[in-house]
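The values are calculated or read from the model by the stated rules, or taken from the named source; none is laboratory data. None of the values given here were measured: they were computed from a predicted structure. Counting neighbours? That spans all protein chains shown, and the Cβs are built from the backbone with ideal geometry, glycine included. Side chains are part of the model used for accessible areas, which takes the heavy atoms of the whole protein and leaves out ligands, DNA and RNA. Shrake-Rupley method; radii C 1.70, N 1.55, O 1.52, S 1.80 Å.
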There are 2 protein chains.
Amino acid sequence: MPRVSKDHLDARRHQILDGARVCFARYGYEGATVRRLEEATGLSRGAIFHHFRDKESLFLALAEDDAHRMADVVAREGLVQVMRDLLAAPNGADWLGSRLELSRRLRTDPEFRARWAERSERLTLATRQRLLRQREAGNLRDDIDVTVLTSYLELVLEGLVSHLAMGLPADDLEPVLDLVESSVRRARPRS
Amino acid sequence: MPRVSKDHLDARRHQILDGARVCFARYGYEGATVRRLEEATGLSRGAIFHHFRDKESLFLALAEDDAHRMADVVAREGLVQVMRDLLAAPNGADWLGSRLELSRRLRTDPEFRARWAERSERLTLATRQRLLRQREAGNLRDDIDVTVLTSYLELVLEGLVSHLAMGLPADDLEPVLDLVESSVRRARPRS
């Protein structure tokens with residue numbers, strides 16, 4: 001396949017994902033009809049379902065795309081930085097919307113849950129590897145297992161996502177994230 | 001009003017709330033039709049809306065009821081204990097379902113958000129007062145403001161609710177809650 005064609009396919013794929021993200025966030029999974037997906041992406045149903053087998057595959061690709069982006073930030077800067085970015089993001093609403101739809105579908109649809117489970121490992125893995133590197137560098141507390149610290153950070157992230165998605169005030173959360181960060185760090189000797 | 005009548009009204013009110021809780025959890029807010037609410041409560045629509053003005057008022061009463069119960073546990077045993085109870089509860093699913101519906105409605109309906117804001121203060125207040133008492137008793141770390149500690153615990157709770165509502169595995173979360181608890185406690189001197 002010539003290079004230009006692959007670039008074109010990638011661009012088209014991203015166009016669909018970006019439009020679908022807004023659409024799912026605004027109307028929810030069930031409310032995001034094919035007609036609305038066409039409007040939101042500016043593409044025909046033929047073009048959309050050339051790239052994605054069906055609506056569920058499109059939604060899954062979207063959630064996976066988000067998880068990969070987060071994993072990249074985690075690998076470079078850690079999960080607390082992902083949370084700080086979320087706090088600072090003025091346009092995080094679309095991402096949050098699709099994330100909340102993901103939560104709903106995971107709750108109500110066991111089959112979907114199984115499909116998602118295979119794909120959601122990456123974020124956990126990126127977090128765990130980052131923590132292991134931090135422990136080697138002597139920055140991490142060493143009295144608690146890395147698995148526990150990973151679950152802890154993921155749990156706080158989940159809470160933050162939920163908090164922001166509900167539109168609750170977030171201007172007081174910076175010191176909370178400082179506390180989260182300090183609670184996985186090696187304790188400084190008391191002066 | 002004679003005493004027996006008030007008891008009867010209270011019992012009827014609880015009957016409606018218990019049935020509605022299951023119904024909202026199973027079908028979601030929009031899917032919980034009046035007919036389904038009748039089935040779930042075993043009462044006629046006339047009886048239901050004698051007690052609650054409309055479906056939204058019923059849903060709000062339900063969410064408020066949950067928040068009060070949690071506030072009671074917080075006052076006695078703290079917010080971390082609420083989380084431990086959640087982990088241990090085999091039948092927490094209904095409660096989680098309505099909680100997740102609450103999150104959705106808060107996100108999509110600003111008017112509802114305003115109605116809810118007035119009622120959700122109680123849990124925050126109970127948490128804050130409990131922490132203040134713990135600080136006086138010398139059990140709490142004193143280098144971080146109680147407001148920050150309160151927000152921190154609420155954020156973790158939100159994450160836990162979301163985690164459980166998604167049906168994710170929870171058998172590894174006990175040590176995570178230990179970490180949460182220790183991170184608001186006064187540090188023990190290192191031996």
remark   = For B:S120, other-chain or 5+-apart residues with amide H closer than 5 Å (H placed, Pro excluded) are none
query = Which whole number gives the average, over all residues in A:145-152, of C-beta atoms from other chains lying within 10 Å of the residue C-beta?
reply = 4
note = Among A:P169, A:S151, A:H50, the residue whose Cα sits farthest towards the positive end of the charge dipole of chain A (+1 at Cβ of Lys and Arg, -1 at Cβ of Asp and Glu, taken about the Cα centre) is A:H50
inquiry  = Under the rule a/c < 1.5 gives rounded, and otherwise a/b versus b/c splits prolate from oblate, where does the stretch B:54-184 land using the Cα gyration tensor?
reply    = oblate
remark   = Under the Karplus relation with 6.51, -1.76 and 1.60 and θ = phi - 60°, whole-Hz ³J(HN,Hα) for the stretch B:142-149, x at Gly and Pro, equal 10, 9, 10, 4, 4, 4, 5, 4
remark   = Mean other chain Cβ within 10 Å across A:176-185 is 4
key: Exposure rule at most 11 other beta-carbon atoms within 10 Å, DSSP loop trypsin sites (Lys or Arg not before Pro): chain B longest free segment   = B:54-189
remark   = Karplus ³J(HN,Hα) for the stretch A:54-71 (6.51 cos²θ - 1.76 cosθ + 1.60, θ = phi - 60°; Hz, whole; x = Gly/Pro) runs 7, 4, 5, 5, 5, 4, 4, 4, 5, 5, 5, 4, 4, 5, 5, 4, 5, 4
ask   = Quick one: helix A:93-108 against the long Cα principal axis of chain A, what's the angle to the nearest 10°, folded into 0 to 90?
value = 90 degrees
Residue-averaged 222 nm ellipticity for chain B, from DSSP H runs of 4+ at -39500 (n - 2.57), nearest 500 = -25500 deg cm²/dmol
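Let me confirm one metric for peptide A:133-143, namely the mean number of other chain beta-carbon atoms within 10 Å of its residues' beta-carbons.
Working: counts 0, 0, 0, 0, 0, 0, 0, 0, 1, 0, 2.
That works out to 0 on average.
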message = Could you tell me the calculated FRET efficiency between B:D72 and B:E30, based on Cβ-Cβ distance and R0 = 35 angstrom, to the nearest 0.05?
response = 0.70
message = Can you give me the angle between helix B:3-31 and the longest principal axis of chain B, using Cα atoms only, in degrees from 0 to 90, rounded to the nearest 10?
response = 80 degrees
remark   = Spelling it out for A:R185: with amide H atoms placed in the peptide plane at 1.01 Å from N, the residues 5 or more places away or on another chain with amide H under 5 Å from its amide H are A:R141
ask   = Based on the alpha-carbon gyration tensor of the protein assembly as shown and its eigenvalue square roots a ≥ b ≥ c, which shape applies: rounded if a/c is under 1.5, prolate if not and a/b is larger than b/c, or oblate?
value = oblate
request  = In debye, nearest 20, what is the charge dipole magnitude of the stretch A:54-184 about its Cα centre with +1 on Lys and Arg Cβ and -1 on Asp and Glu Cβ, if you could check?
outcome  = 260 debye
ask   = If each of A:E136 and A:E174 carries a label point 7 Å out from its Cα toward its Cβ, how far apart are those two points in nm?
value = 3.4 nm
query = Taking a probe of 1.4 angstrom, what is the accessible area of B:H68 in Å², to the nearest 10?
reply = 50 Å²
